[in-house]
Amino acid sequence: MMESALAFTVMGVFAKLAGQSLPVAEIVFARGIVSLVLSLATLRRAGVSPWGIQRRRLVVRGLIGASGLGCLFYALRSLPLAEATVIQYLHPVFTAVLAAVVLRERAGAGVLLSLALGVSGVLLVARPAFLFGAASAADLPPLALLAALGGAFFSACAYVAVRHLSATEHPLVIVFYFAFVATFASLPFAARAAVVPHGYEWALLAGVGVAAQLGQVALTHGLRLEPATRATALSYLQVVFAAIAGALVFGDRPGLWTAAGALLILAGSLVVIRDARRAPTPEPAP
């Protein structure tokens, strides 16, 4: 999960750079096609059939992932990297609810504490006016904020779906379906607003795909080995990585509110790491 957090941060940097001149649908398509080629090569090397067992549910998981990806890339284009990542990280809250309802997972005290710390950190960064007042509220575009929230919800749905599918499907098959569905679902939108990349833009699109593939494989393995709520709480570390990357690449220096929120999120991740070391590794949900 920590490896996936770092890889997705790199993906976010490439996506934000590409989004300055290329449409979101084209970035989603490029991410899908690169991951699709890498997935097929990896499956062939592993000797695993790409088509899986629960094909309809694998397709649904792919559609959910593609929707979340579009929301995330739009938010990354319109918001500072750290803020976009933090707001999108409301997904562990959604994951906890969905995992309890769909997977019947129980959330221990450590997981609940980590979620409370994480949500508090998100609120400090987003600073909604109804909690902080107009003077202290963050000036974030409403549509971009909604996109980040939508990405959080779709991410939670995808994480729960991966946890469910991992009981019968190979991790590489799950990743393949995500790339396969995302590629063909985004193709009509990408074709309608196509912009021919030039020079380094090709490298940015390739970087989005490669980094996303590495992150997706690590994420799928993590969700196979840990309950969905505990595993996704660990990925809070991406917020810290994003704050560092945003400052180094884009010159977005987080303020005190963002720094305080990041510290709370990091504290929540450390709580989960401590509990994960103490608890035995459970079997995947049936």
Item to check | Residues satisfying the stated conditions in the stretch 108-137, i.e. more than 19 Å from Ala84 (Cβ to Cβ) and either outside any helix (DSSP H, G or I) or among the basic types (Lys, Arg) (or both) | outcome: Gly108
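Going by the conditions given, is Ala30 among the small types (Gly, Ala, Ser), under 29 Å from Ala126 (Cα atoms) and surrounded by 24 or more Cβ atoms within 10 Å (Cβ to Cβ)? Break it down into steps so the answer makes sense when it comes.
Details: among the small types (Gly, Ala, Ser): yes; under 29 Å from Ala126 (Cα atoms): no; surrounded by 24 or more Cβ atoms within 10 Å (Cβ to Cβ): yes.
Taking the combined requirement at face value, the residue does not satisfy it.
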Checklist outcome for this item: Only one of Phe132, Phe154, Phe189 is of a type in the set (Phe, Trp, Tyr) and closer than 26 Å to Leu98 by Cβ, namely Phe154
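Matching residues to (1) in contact (Cβ under 8 Å) with a residue 24 or more places away in the chain; (2) among the small types (Gly, Ala, Ser):
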position	(1), (2)
Gly133	no, yes
Leu140	yes, no
Leu165	yes, no
Thr183	yes, no
Ser186	yes, yes
Ala190	yes, yes
Gly207	yes, yes
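Can you give me the number of residues within the stretch 38-49 that are surrounded by fewer than 19 Cβ atoms within 10 Å (Cβ to Cβ) and touching a residue at least 24 places away in the same chain (Cβ under 8 Å)? Show your work before the answer.
So the first thing to find is which residues in the stretch 38-49 are surrounded by fewer than 19 Cβ atoms within 10 Å (Cβ to Cβ), and the list is 40-49.
Subsequent filtering for residues that are touching a residue at least 24 places away in the same chain (Cβ under 8 Å) retains 40, 42-43, 46, 48-49.
Matching residues across the stretch 38-49 total 6.
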Checklist entry - Does any residue of the stretch 67-89 turn out to be in contact with a His (Cβ under 7 Å, 6 or more places away or on another chain), outside any loop (DSSP other than H, G, I, E, B) and not hydroxyl-bearing (Ser, Thr, Tyr)? => result no
Item to check | Where Tyr89 falls short, out of the listed (1) crowded, with 23+ Cβ neighbours inside 10 Å; (2) in contact with a Leu (Cβ under 8 Å, 6 or more places away or on another chain) | outcome: (2)
Item to check | Residue satisfying all of: in the stretch 120-137; of a type in the set (A, V, I, L, M) and at pLDDT 85 or above; surrounded by the fewest Cβ atoms within 10 Å (Cβ to Cβ) among these | outcome: Leu123
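Report yes if some residue within the stretch 88-96 is aromatic (Phe, Trp, Tyr) and either within 21 Å of Leu248 (Cα to Cα) or modelled with pLDDT under 80 (or both); otherwise report no. Talk me through it step by step, then tell me what you get.
Initial filter on the stretch 88-96 (aromatic (Phe, Trp, Tyr)): 89, 94.
After this cut, where a residue has to be either within 21 Å of Leu248 (Cα to Cα) or modelled with pLDDT under 80 (or both) as well, the list is 89.
Scanning the stretch 88-96 turns up at least one residue that is aromatic (Phe, Trp, Tyr) and either within 21 Å of Leu248 (Cα to Cα) or modelled with pLDDT under 80 (or both).
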Checklist entry - Can you tell me which residues in the stretch 240-260 are modelled with pLDDT under 85 and more than 18 Å from Phe8 (Cα to Cα)? => result Arg253, Pro254, Gly255, Thr258, Ala259
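The values are calculated or read from the model by the stated rules, or taken from the named source; none is laboratory data. Predicted model only: the values in this text are computed from it and were never measured. Because the Cβ atoms are built from the backbone with ideal geometry, glycine has one as well, and the counts that use them run over all protein chains shown.
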